[in-house]
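Bear in mind these aren't lab numbers, they're just calculated from the coordinates by the rules spelled out. Only a predicted model underlies this, so the values are computations on that prediction, with no experimental measurement involved. Here Cβ is always computed from backbone atoms with ideal geometry, including for glycine, and neighbour counts include all displayed protein chains.
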Ligand code: BES
Ligand code: MN
């Protein structure tokens with residue numbers, strides 16, 4: 001039996017224990033956006049520290065101005081000094097679980113349920129994003145070290161606890177620990193497969209810019225009978241502004257928004273066409289049927305290569321049961337823009353604010369709140385690690401690995417490139433229907449099993 005076969009059968013034999021350890025992590029409500037869960041976040045960091053230490057990583061929990069990072073090193077003497085050294089990244093924090101009443105099982109009590117499709121799934125907040133994903137790497141490492149005595153490459157692991165709240169401490173941490181974290185390549189396990197049978201490496205992610213806009217009208221809430229007609233309603237002002245962000249074709253009207261945006265190359269367009277994106281199913285799964293982005297672009301390009309503007313929430317006026325005849329004093333919208341390569345998030349923020357101010361009536365005020373921004377990412381397709389990992393995953397799934405884009409954002413991949421000069425391989429085993437950030441988040445058991453086995457293979461492939 002080859003060393004790899006020994007590792008793979010070790011993974012299979014110990015799968016139930018691996019699942020139990022994953023569940024121990026899922027039971028901790030490590031919600032980073034809500035300070036009420038700070039202790040739980042620290043508990044999750046501690047659990048991971050102990051887990052890595054058990055496996056044989058030299059591990060520390062590292063304070064930041066927010067929630068701590070967990071850093072582990074595995075640099076065995078047995079490996080040649082010039083053996084490759086990779087950095088693995090995952091995040092131990094999760095999104096809030098609300099709305100709680102929409103969950104079929106409690107979000108922090110992982111439930112194993114076999115669906116009508118015959119596939120076993122694990123339901124819990126963080127099952128996929130990102131605890132299931134990061135545990136695939138931990139358990140693959142465990143199997144390697146338990147059977148071979150060490151990993152086939154040097155590995156540094158970085159677990160973050162603030163990914164879901166915009167990574168406020170990340171850049172400073174990378175800045176202070178550049179030498180310790182700059183490795184040959186980063187492995188980020190926080191993305192999806194193409195579909196449940198087809199492994200994928202994500203080579204493009206969109207950037208993001210958040211801004212919150214509050215329009216302030218009257219100095220206090222008013223009776224809409226006593227004042228209505230004469231007094232300006234900030235909901236009306238804000239709604240017009242929100243409506244003015246797009247034209248009827250889906251084009252975004254903030255001046256300069258498309259500066260620097262290029263169409264994808266004809267090669268990329270051809271490769272994406274070959275993927276035969278099942279648009280009707282993709283929208284049908286979420287109860288829709290009509291693509292609503294820029295009409296001139298195919299749906300996959302709307303998702304992966306075109307920028308967006310979305311209102312994520314509107315807060316204004318009376319929203320409880322029944323009615324209340326009120327003209328509110330303030331109206332707020334939370335906006336986010338997904339950005340593509342070439343766009344400058346800070347210039348767009350300035351242009352947006354100017355665009356809003358220009359539409360404001362003289363007797364209204366506006367307040368803006370900044371919630372961070374990051375540029376888009378394109379991983380160079382000629383990175384030597386990429387093909388090795390693609391081949392290794394292809395062997396696990398018995399199917400060629402697809403290179404894909406994703407419309408979501410993983411700001412750390414850009415930080416790795418800009419601050420540490422390191423490319424990232426975005427490899428993950430999630431699926432579109434995992435309901436991440438939603439009620440009833442799940443991770444398929446085959447994602448966990450084949451994900452763990454894939455990492456065992458990738459680690460070996462990166463060694464040569
Ligand atoms: N893991 C997701 C991003 C993701 C999901 C990428 C599926 C590819 C496939 C990540 O945790 C996430 O949700 N990111 C946020 C970042 C934001 C808060 C800055 C996002 O994209 O909204
Ligand atoms: Mn994630």
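From the largest down, segment 278-334 spans 46, 23, 14 angstrom on the principal axes of its Cα atoms.
Evaluate the Kirkwood expression for the hydrodynamic radius of segment 177-256, namely the inverse of the mean inverse distance over all pairs of different C-alpha atoms, and round to one decimal in Å. Walk me through the intermediate numbers first.
Values: mean 1/r = 0.0534 Å⁻¹.
Value: 18.7 Å, from the Cα pair sum.
Considering only DSSP beta bridges with both partners in segment 66-217, what is the antiparallel share in %, to the nearest 5? About 50 percent, rounded to the nearest 5.
Express the Stokes-Einstein translational diffusion coefficient of segment 1-112 in µm² s⁻¹, to the nearest whole number, given a Kirkwood radius over alpha-carbon pairs, 25 °C and a viscosity of 0.890 mPa s.
148 µm²/s
Each Cα pair of segment 356-410 feeds into the Kirkwood radius, which the Stokes-Einstein equation turns, at 10 °C and 1.306 mPa s, into a diffusion coefficient of 99 µm²/s. Both the radius of gyration and Dmax for segment 251-403 are 21.0, 66 Å, in that order, over alpha-carbon atoms.
Given a cut-off of under 8 Å on Cα pairs at least six residues apart, what relative contact order in percent is computed for segment 133-276? All intermediate terms of the calculation are to be shown ahead of the outcome.
Details: 38 pairs, mean separation 16.4, N = 144.
Relative contact order here is 11 percent.
For the chain, the longest principal axis of the Cα atoms and the long axis of helix 3-13 meet at an angle of about 60 degrees.
The rule of thumb for compact globular proteins, 2.2 N^0.38 Å, goes into the C-alpha radius of gyration of segment 76-127 1.92 times.
In units of the rule-of-thumb radius 2.2 N^0.38 Å, segment 303-370 shows an alpha carbon radius of gyration of 1.43. Counting only alpha carbon atoms, the long axis of helix 38-55 and the longest principal axis of the chain meet at about 20°. Taking each residue as 0.36 nm, the span from residue 5 to residue 146 lengthens on full extension beyond its C-alpha to C-alpha distance by 49.4 nm. A crude spin-label estimate for the pair residue 270 and residue 36, with each label 7 Å from Cα along the Cβ direction, gives 5.6 nm.
The value for the chain of Rg(Cα) / (2.2 N^0.38 Å) is 1.05. Working note: 222 nm ellipticity from helices only, DSSP H runs with n ≥ 4, each -39,500 (n - 2.57), summed and divided by the residues of the chain, gives -10000 deg cm²/dmol to the nearest 500. Between the Cα long axis of helix 411-420 and the first principal axis of the chain there is an angle of about 60°, rounded to the nearest 10. Computed log10 I(q)/I(0) for segment 96-254 at 0.10, 0.15, 0.16 Å⁻¹: -0.73, -1.16, -1.22, from the Debye equation with unit scatterers placed on every C-alpha and solvent omitted. Of 88, 397, 159, the sequence from fewest to most neighbouring Cβ atoms within 10 angstrom is 397, 88, 159.
Under the definition of Cα pairs under 8 Å and six or more residues apart, what whole-number percent is the relative contact order of segment 325-464?
Values: 89 pairs, mean separation 33.4, N = 140.
Over segment 325-464, the number comes to 24 percent.
When the Cα atoms of segment 398-439 are aligned to their principal axes, the ranges along those axes come out at 33, 32, 14 Å in descending order. DSSP assigns beta bridges within the chain; of those with both partners inside it, close to 70 percent run antiparallel.
Legend: calculated FRET efficiency, residue 17 to residue 113, from the Cβ-Cβ distance at R0 = 25 Å, rounded to 0.05, equals 0.75.
For segment 53-97, the percent of C-alpha pairs falling in each 10 Å distance bin, counted from 0 to the bin holding the largest distance, reads 20, 43, 26, 9, 2. Using the average count of surrounding beta-carbon atoms within 10 Å as a protection proxy, the listed peptides 118-130, 363-375 rank, highest first, as 118-130, 363-375. The modelled label-to-label distance between residue 195 and residue 283, using points 7 Å beyond Cα along the C-beta direction, is 1.9 nm.
Considering segment 340-464, its Cα convex hull presents a mean projected area of 11.3 nm².
Starting from the Cα-Cα distance between residue 325 and residue 247, subtract it from 0.36 nm times their residue separation and give me the gain in nm to one decimal. Please list the in-between numbers first.
Working: separation 78, 0.36 × 78 = 28.08 nm, distance 3.19 nm.
Additional length available on full extension: 24.9 nm.
As a length-normalised measure over Cα pairs under 8 Å and 6 or more apart, the relative contact order of segment 1-96 settles at 25 percent.
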